[in-house]
Amino acid sequence: MPRYKITIEYDGTNYLGWQRQPEGPTVEKEIEDALSRILQQPINIVGQGRTDSGVHAEGQVAHFDFPEPLVSDQLCYALLGVLPRDIAVYQLVEVPDDFHARFDAKSRRYRYQFVTRPSPLRHRHAGMVLNDLDFDAMNECAAMVCGVHDFESFVKSNADQEHAKCEVLTSEFSRQGHLVCYHIEANRFLHHLVRRLAGTMIEVGKGNRTIAEFKQLLQEPRTDISGHGAQAKGLILETVNY
């Protein structure tokens, strides 16, 4: 049966995350319901991974199977009329039938963004930090994150999680006016990892934690001490690399 890869952008403000659940609206449910309505049969999609409640995406990836040929432009256009305006499927391509959106991904790239002054235009998609920040200290911490680490001190405990090791390929801050972004790319991500890394480095920038304390959390992972979390609304999944 033909398999199709879709790429999705969404504003996660109004959703309880990516994964379908009974408690309320999710991005996965909206897309499955829209595809099922257009294609006139039940469609189940497989996402590359989950995003939490309130988290956004520019390049979320999923796949689904359908027995007939699909025309990308036609289906994406049809979805525009069915999906809520805060979700868009902007690319559809046929892929080999053994392609898997999750297991074939080599890396994912996220950014955590925040503003250093009130910004109504970014209110839904960025945290706000009004303190003076030591960006040199924050970048020193960010550089430490590159490489293979056990991130136990920066993740939410999960009984299904075998380990908290990840290989981080990129970890750095950038600034453009009052917008500050933390960029991170890794082979895998764990629950709350980016938000706790970013949040803890922001605390270092504020002077509430030291570089040495951040280094200890990174090099001496513990389950009883954790990093400082940042708001979900500032986190954006940028891309998934295959």
(request) Could you grab me the full set of residues in the stretch 33-52 that are in a strand (DSSP E or B) and open to solvent by less than 20 Å² (accessible area, probe 1.4 Å)? (result) G47
(message) Out of everything in the stretch 58-79 that is in a loop (DSSP other than H, G, I, E, B) and touching a residue at least 40 places away in the same chain (Cβ under 8 Å), what residue ends up being least open to solvent (accessible area, probe 1.4 Å)?
(response) F66
(message) E28 - would you say it is modelled with pLDDT of 95 or more and either surrounded by fewer than 19 Cβ atoms within 10 Å (Cβ to Cβ) or assigned to a loop (DSSP other than H, G, I, E, B) (or both)?
(response) no
(request) Keeping to the stretch 203-232, report how many residues are farther than 23 Å from H163 by Cβ and touching a Leu at 6+ places or on another chain (Cβ under 7 Å). (result) 2
(message) For the condition touching a residue at least 12 places away in the same chain (Cβ under 8 Å), open to solvent by 30 Å² or more (accessible area, probe 1.4 Å) and not aromatic (F, W, Y), what is the one hit in V82, V55?
(response) V82
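Give me the residue from the stretch 164-194 that is outside any loop (DSSP other than H, G, I, E, B) and open to solvent by 40 Å² or more (accessible area, probe 1.4 Å) and, out of that set, farthest from V148 (Cα to Cα). Break it down stepwise before answering.
At the first step, the residues of the stretch 164-194 found to be outside any loop (DSSP other than H, G, I, E, B) are 165-176, 179-186, 193-194.
Those still in the list that are open to solvent by 40 Å² or more (accessible area, probe 1.4 Å) too: 165, 167, 169, 172, 174-176.
On the way: K165: 7, E167: 4, L169: 9, E172: 16, S174: 22, R175: 26, Q176: 29 Å.
Ranking the candidates gives Q176 first.
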(request) Can you tell me which residue within the stretch 184-216, out of those that are more than 24 Å from M128 (Cβ to Cβ) and aliphatic (A, V, I, L, M), is farthest from the chain's Cα centre (by Cα)? (result) A212
(request) Being under 30 Å from Y10 (Cα atoms) and without any contact (Cβ under 8 Å) to a residue 60 or more places away in the chain is the filter; apply it to the stretch 200-242 and report the residue that is most open to solvent (accessible area, probe 1.4 Å). (result) H228
(request) Take the residues in the stretch 119-131 that are in contact (Cβ under 8 Å) with a residue 12 or more places away in the chain and farther than 14 Å from A198 by Cα, then tell me which one is least open to solvent (accessible area, probe 1.4 Å). (result) S119
(request) For R20, indicate whether it is open to solvent by 10 Å² or more (accessible area, probe 1.4 Å) and either farther than 21 Å from R122 by Cβ or in a strand (DSSP E or B) (or both). (result) yes
(message) Can you tell me which condition A101 does not meet? The list is (1) touching a helix residue (DSSP H, G or I) at 6+ places or on another chain (Cβ under 7 Å); (2) of a type outside the set (S, T, N, Q); (3) open to solvent by less than 10 Å² (accessible area, probe 1.4 Å); (4) part of a loop (DSSP other than H, G, I, E, B), and all the others hold.
(response) (1)
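The values are calculated or read from the model by the stated rules, or taken from the named source; none is laboratory data. Note that the structure is predicted; figures quoted are calculated from it, not measured. Glycine gets a Cβ as well: all are built from the backbone with ideal geometry, and neighbour counts include every protein chain shown. To get the accessible areas, we keep the full protein, side chains included, count just its heavy atoms, and leave off ligands, DNA and RNA. Shrake-Rupley method; radii C 1.70, N 1.55, O 1.52, S 1.80 Å.
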